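What follows is one structure encoded as structure tokens, with my remarks underneath.
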Number of protein chains: 2
Amino acid sequence: MVNGHTNFRKMTTATTDLDALIKKMANEAREASLILANVPSEQKNKAILRMASLLEENVELLKVENEKDLLAGRDAGLSSAMLNRLELNDKRFNSMIEGAKQVASLEDPVSESLETHNHPQGFTIEKVRVPIGVIGIIYESRPNVTVDCAILCLKSGNASILRGGKEAFHTNTALAKLVTQALAESGLPEHAVQFIPTTDRAALNTLLKLDQQIQCIIPRGGEGLIRFVAENSTIPVIKHYDGICTVYIDQAASLKMASDIVVNAKTQYPSVCNAAENLLVHANAANSHLPAIAKDLVEKGVTLKVDETSAAILRENGISYETANEADWGTEYLDLVISIKVVDSTETAIAFINQYGSSHSDAIVTDDPQGAELFLNSIDSSTVYWNVSTRFTDGFEFGFGAEIGISTDKLHARGPMGLKELCSYKYKVVGNGQIKS
Amino acid sequence: MVNGHTNFRKMTTATTDLDALIKKMANEAREASLILANVPSEQKNKAILRMASLLEENVELLKVENEKDLLAGRDAGLSSAMLNRLELNDKRFNSMIEGAKQVASLEDPVSESLETHNHPQGFTIEKVRVPIGVIGIIYESRPNVTVDCAILCLKSGNASILRGGKEAFHTNTALAKLVTQALAESGLPEHAVQFIPTTDRAALNTLLKLDQQIQCIIPRGGEGLIRFVAENSTIPVIKHYDGICTVYIDQAASLKMASDIVVNAKTQYPSVCNAAENLLVHANAANSHLPAIAKDLVEKGVTLKVDETSAAILRENGISYETANEADWGTEYLDLVISIKVVDSTETAIAFINQYGSSHSDAIVTDDPQGAELFLNSIDSSTVYWNVSTRFTDGFEFGFGAEIGISTDKLHARGPMGLKELCSYKYKVVGNGQIKS
């Protein structure tokens, strides 16, 4: 079995060594971040494009390393879904390479002047975008995350410390080596991107307390990992728990639009966080709309888990269903399953979503602007849709040009996170001798 | 001795009751926050102005409660500085009342449209400012924080849960009662501002894990409290550790401006976080500038803790000093004491500040624009000054009209935090049936 911990033990002998290694990495990342904050865009882009060309040049070598992980994963009995996530096939290679080229072409977010305030005493206070500093990324099986995150952090002037999952350890190590090579060849500090050479959780325990060196932690993976990070980190964390998204069909909804949006939100890519998990239908539209929408869903292979009112309607129309239980309203199926409930008003729909949803993406379908406005204002989610599918919550669709993830937090970044969301700001104050009286 | 814990024990009998109380408060705050997010500005302002008038009407009553805290504080042997912070004198009353009126007159940050993106498929994505939700404020002895924070959170549409220090328990309880009365009289949910009726730390342990109800924690007080909160909270925290601010006198600095700024930054209000704690002088300006600046500081009663090079110069000029040790460079004196060091270059000054400073506020005094630019870009602090005193880092000076604190974090808010920094954002997406293909 692939186990970075075991590998690492060959090099060191005690936890104190691991502790020292992580601290050394964090100190070096901090040093690198201070340099990186003032590196011109061209130099960062050169390094990113070099990463892309190194990936192209080393496809065969990387496939060999990836094969080691896949073999070990099969031996360890990983599910086919997990093995699929682990695999660096041609499509994923191309997407990493194209992604790198695209990020190189994006505008550099650093140094943008955001606001200027003229103080009555005659000096100026300018708010300027700057990198966050050192970002720790903790992720699970997809090895392409190594390259994607390294590149997004670099472009936004941040040093990064990457800690991947044990399943992808060989692939990640090989990818990280190429990243370091690209940095060195481009004259950038090679500690600007560092990969933790072990998957021992003790390394995480050390890392998550280094709040003097590391300014932000982004965990990407299952809820267990994210909760572990949130509970153990003294460094601010930007996280994404889950995506329990709802589509609400108002009484004033056109049937065709309603069905198109629900079917798209549920079935176009069911395993992603912006797919719909719940469908609410206004009581006055239940008889007219629910049977047709339910039929369209069933045709796409969707299992319906429904409340009593919906059940009666579906029964009458000969549509098969299962009975929903309380837990279903808060379940992220990530599969061809949807929970359905009839509600008596838009207010009830809003209360339902604010209770059971995950503050991610929710949609109303209606021709009534007043109802839509109430919904858009009252739903406490990062993205609220009126007559649009929830599937658009995504950094690329939002025009960011790239995405490092989606935040379900409300501090710093909410919703899709692009390059700007990987930045902080500072105030530059310029005067000619002003003092406070 | 004033002890909220003891008071609370009269009402309940076990930690589970305290646990249940805190959870109930958090649930009610969450409910209130959903309402508050859509309350018009006029109604919020009405409540804030009512708070101001209730304070005016109840000065005598509040002074009686404050006297209880002061008496208990004296019995408990609190320092005169702590007793001073505790006291609600006329000046502080007026400042609370004036502060409330000023916040009522400020522009409401909620609902401002921040950006709009037109998606190629013909729908719009609008980024709109919204409240954070529920904010927990954990603070120490100053009772005016109760009113200041309640008002700032309310104006920005946030529900708040306040937990004050045990020394001010009677005063805080009386103030909180008036806040609740003002909310009720203005037709706002009275759980929009809640005061925790105990200072038992067990309440904090419960509170800091309620990440489903509470979206942000702001600790205000000593480093011990802030570290406790950062280590125990699963809710995102915005914090302010300390203010170790440095003034650097470049070789190209005018002597008068240099001395004015150093003296102002050190002595105008030494006990605040934006006062200077370190002075660095370029070696080429040490002989010409240091003696005069040192004399000006000594005249103001400042103790100088200096490195060897400075010591030699001061000795020659008959100026008394103490020898600095390594720990002094990272010490926040909050008093008439300053550490002084001669450095050989601007780069050395930058490295010193990035190592020993607290990323708060740092200044360069120079007539050389290139050196100033290098300094402003390279210092990793929330506010960097060129020829201006560090004492201006403050929400009022920055034109925010109010301030809930200063963040030394880099996520979400950095530097002074006003009403906008108490907000998050959401995306409103409006279309006519668009689905993802």
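Read-outs: derived from the displayed coordinates by stated rules, not from any lab. Keep in mind that what you see is a predicted model, and the values were worked out from it rather than measured. Using ideal geometry, Cβ is built from the backbone for each residue, glycine included, and neighbour counts are taken over all protein chains shown.
Could you tell me whether the protein assembly as shown comes out rounded, prolate or oblate from its Cα gyration tensor? Rule is a ≥ b ≥ c as square roots of the eigenvalues, rounded for a/c under 1.5, then prolate if a/b exceeds b/c, otherwise oblate. It is oblate, given that a/c is not under 1.5 and a/b is not larger than b/c. Over the residues of chain B, the helix contribution to mean residue ellipticity at 222 nm works out to -14000 deg cm²/dmol, using -39500 (n - 2.57) for each DSSP H run of at least 4. The convex hull of the Cα atoms of chain A, projected and averaged over all directions, covers 25.5 nm². Scalar couplings 3J(HN,Hα) for the range B:275-281, obtained by applying the Karplus form with A = 6.51, B = -1.76, C = 1.60 to θ = phi - 60°, are 6, 6, 10, 10, 10, 10, 10 Hz; x denotes Gly and Pro. By DSSP, the beta bridges lying fully in chain B are antiparallel in about 30 percent of cases. Backbone phi angles across the range A:390-395, fed through the Karplus curve with coefficients 6.51, -1.76 and 1.60 (θ = phi - 60°), yield HN-Hα couplings of 5, 5, 8, 6, 5, x Hz in residue order; Gly and Pro are listed as x. Once the Cα atoms are used to define both axes, helix A:59-75 deviates from the longest principal axis of chain A by about 60 degrees.
Checking the cross-link pairs B:LYS68/B:LYS420; A:LYS44/A:LYS266; A:LYS91/A:LYS166; A:LYS68/B:LYS209; A:LYS341/B:LYS426; A:LYS266/A:LYS410 against a 31 Å limit on the alpha carbon distance flags B:LYS68/B:LYS420; A:LYS44/A:LYS266; A:LYS68/B:LYS209 as lying beyond it. List the trypsin sites (Lys or Arg not before Pro) in the range A:266-374 that DSSP assigns to loop (not H, G, I, E or B) and whose Cβ has at most 14 other Cβ atoms within 10 Å. Which are they? Sparse-neighbourhood loop trypsin sites (Lys or Arg not before Pro): A:LYS300. Computed on the range B:316-425, the Cα convex hull volume stands at 149 Å³ per residue.
Residues B:PHE352, B:PHE396, B:PHE123, ranked from the fewest to the most other C-beta atoms within 10 Å, line up as B:PHE396, B:PHE352, B:PHE123.
Summary value for chain B: 18 percent relative contact order, contacts being C-alpha pairs under 8 angstrom separated by 6+ residues.
To the nearest ten degrees, helix A:283-299 and the longest principal axis of the Cα atoms of chain A are 60 degrees apart.
Once phi is turned into θ = phi - 60°, what whole-Hz ³J(HN,Hα) does the Karplus curve with 6.51, -1.76 and 1.60 give for every residue of the range B:361-371, x standing for Gly and Pro? Residue by residue, the range B:361-371 yields 9, 9, 10, 10, 10, 6, 9, 9, x, 5, x Hz.
The mean number of Cβ atoms from other chains found within 10 Å of a Cβ in peptide A:227-239 is 4, as a whole number. Partner aspartates and glutamates whose Cα lies under 18 Å from the Cα of B:LYS46, excluding those fewer than 8 positions away in the same chain, are identified as B:GLU56, B:GLU57, B:GLU98, B:GLU107, B:ASP108, B:ASP148, B:GLU185, B:GLU190.
Peptide A:419-430 has a mean of 6 when you count, residue by residue, the C-beta atoms of other protein chains within 10 Å of its C-beta. Judged by the gyration tensor of its Cα atoms, with axes a ≥ b ≥ c, the range B:364-437 is prolate; a/c meets the 1.5 cut and a/b is the larger of a/b and b/c.
Considering only chain A, the C-beta nearest to the rotation axis that sends A to B is found at A:HIS412, 2, the distance in whole Å.
Note on A:LYS436: aspartates and glutamates with a C-alpha under 19 Å away, same-chain residues under 8 apart excluded, are A:GLU126, B:ASP260, B:GLU277, B:ASP296, B:GLU299, B:ASP335, B:ASP362, B:ASP394, B:GLU397, B:GLU403. Using Cα-only point scatterers and the Debye equation, what is log10 of I(q)/I(0) for the range A:245-392 at each q in 0.12, 0.15 Å⁻¹, rounded to two decimals? Values, matching the q order: -0.39, -0.63. Report, in degrees rounded to the nearest 10, the 0 to 90 angle that the Cα long axis of helix A:346-356 makes with the longest principal axis of chain A. Helix A:346-356 sits at roughly 40 degrees to that axis.
Put the label 7 Å from Cα along Cα→Cβ for A:SER288; what are its distances to the other copies, in nanometres, shortest first? So the distances to the same position in the other copies read 8.5 nm. Distances from B:ASN432 to itself in the other copies, using label points 7 Å out along the Cα-Cβ axis, amount to 5.7 nm in increasing order.
DSSP beta bridges fully contained in the protein assembly as shown are about 25 percent antiparallel. Label-point spacing at B:GLY77 relative to the other copies reads 6.4 nm, in ascending order, each point sitting 7 Å out from Cα along Cα→Cβ.
Centre-to-centre separation between the Cα atoms of the range A:87-163 and those of the range A:197-223: 19 Å. Among the residues of A:378-384, the average count of other protein chain beta-carbon atoms within 10 Å of the residue beta-carbon is 5.
Remark on B:CYS245: its backbone amide H falls under 5 Å from those of B:GLU277, B:ASN278, a criterion applied only to residues 5 or more positions apart or on other chains, H modelled at 1.01 Å from N.
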